[in-house]
Amino acid sequence: MSIIVHHLEESRSQRILWLLEELGLGYEVRRYARNPQTRLAPPELKQIHPLGKSPVIEANGKVFAESAAIVEYLAETQASGALSVPAGGPARFDYLYWLHFAEGSAMLPLLLKLYVGLLGEYGAPLMQMRVEPEIDNHFSFINAHLEGRDYFAADRFTAADIQMSFVLDAGNNRGGLDRYPNMVRVRKQQQTRPAYQRALEKGGPYKMGQ
Ligand SMILES: N[C@@H](CCC(=O)N[C@@H](CS)C(=O)NCC(=O)O)C(=O)O
């Protein structure tokens, strides 16, 4: 498969690079810088996909967007499905749950923190009453799930771990994970994987990963 990753710096596409490394696939990286003032993606990304967001990849000439869809598709179709969980058993649901929980649930309060934070003191009541409690609601849940576990689903490393890694990074970046020791532990374990390190080299600076 010929793959091009349109990689926005400091973004969700870092986990696509990690997935491709874990799957042992060759790929080309085209890097895009964020606007230094707005932190938004440059307009060129809209030439690849109308939303102009990252990640977006081209595989055999077809454009794929939306990280959970990309991760699920690649994990299922590549490397004999080694990073996926086959349909038919209960672990399949757990795998799909965490794969989709990342963008479907966990990222929303983190995104709200970013945007409500831009309002400064005007956003403070909303931040205290809804945003911070919702982050704690989601993080306490994740942290409890990881008690006694190294992986999100199926008692082994899967693409769900890769998809959840950006939630751990975003949490670390927006307030820290001190109150969630299992998230800190799993995040550190993820970073020791050789494929994770190779993806960092390919993607360039990724401060969220520090
Ligand atoms: N749910 C989408 C979110 C995509 C998204 O918002 N990506 C961010 C990068 S982390 C982005 O492109 N931001 C730049 C912009 O909105 O201009 C996914 O998981 O693919």
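In the chain, if the dipole is taken from +1 on Lys/Arg beta carbons and -1 on Asp/Glu beta carbons about the Cα centre, which of Ala82, Asn35, Ile4 is farthest to the positive end?
Going by the charge dipole, the pick is Asn35.
Sum -39500 (n - 2.57) across every DSSP H segment of at least 4 residues in the chain, then divide by the residue count to get the 222 nm mean residue ellipticity, nearest 500.
About -14000 deg cm²/dmol.
Which shape class applies to the chain: rounded if a/c is under 1.5, otherwise prolate when a/b exceeds b/c and oblate if not, where a ≥ b ≥ c are the square roots of the Cα gyration tensor eigenvalues?
The shape class here is oblate.
What does the charge count around Ser2 come to, taking other residues whose C-beta lies under 9 Å from its C-beta (Lys +1, Arg +1, Asp -1, Glu -1)?
-2
Once a ≥ b ≥ c are taken as the square roots of the eigenvalues of the Cα gyration tensor of region 143-210, is the result rounded (a/c under 1.5), prolate (a/b larger than b/c) or oblate (a/b not larger than b/c)?
Verdict is oblate for region 143-210.
Net charge near Glu22, counting Lys/Arg +1 and Asp/Glu -1 over other residues with Cβ under 12 Å of its Cβ?
Local charge sum for Glu22: +1.
Along the charge dipole of the chain, pointing to its positive end and built from +1/-1 on Cβ of Lys, Arg, Asp and Glu, which listed residue (Ala153, Gly52, Leu126) has its Cα farthest out?
Towards the positive end, the residue furthest out is Gly52.
Which of the lysines could be linked to Lys188 by a straight reach, that is with a Cα gap under 28 Å, when you skip same-chain ones fewer than 8 residues away?
The reachable lysines, counting only those whose Cα sits under 28 Å from Lys188, are Lys53, Lys113, Lys202, Lys207.
So for region 14-67, what percent of the C-alpha to C-alpha distances run longer than 12 Å?
So the portion of pairs separated by more than 12 Å is 69 percent.
Would you calculate the volume per residue, in Å³, of the smallest convex hull containing every Cα atom of region 90-194?
Here the figure is 96 Å³ per residue.
Taking a label point 7 Å from the Cα of Leu119 along the Cα→Cβ vector, which residues of region 170-210 have an amide N closer than 20 Å to it?
174-175
Just need log10 I(q)/I(0) for region 8-123 at q = 0.13, 0.19, 0.21, 0.24 Å⁻¹, Debye formula, equal scatterers on the alpha-carbon atoms, no solvent, rounded to two decimals.
The calculated log intensity ratios at q = 0.13, 0.19, 0.21, 0.24 Å⁻¹ are -0.62, -1.14, -1.28, -1.46.
Readers should treat all values here as calculations from the given coordinates under stated rules, not as data from a laboratory. Bear in mind the structure is a predicted one, so any value in this text is a computation, not a measurement. Don't worry about glycine lacking a Cβ; one is built from the backbone with ideal geometry, like all the others, and counts go over all protein chains shown.
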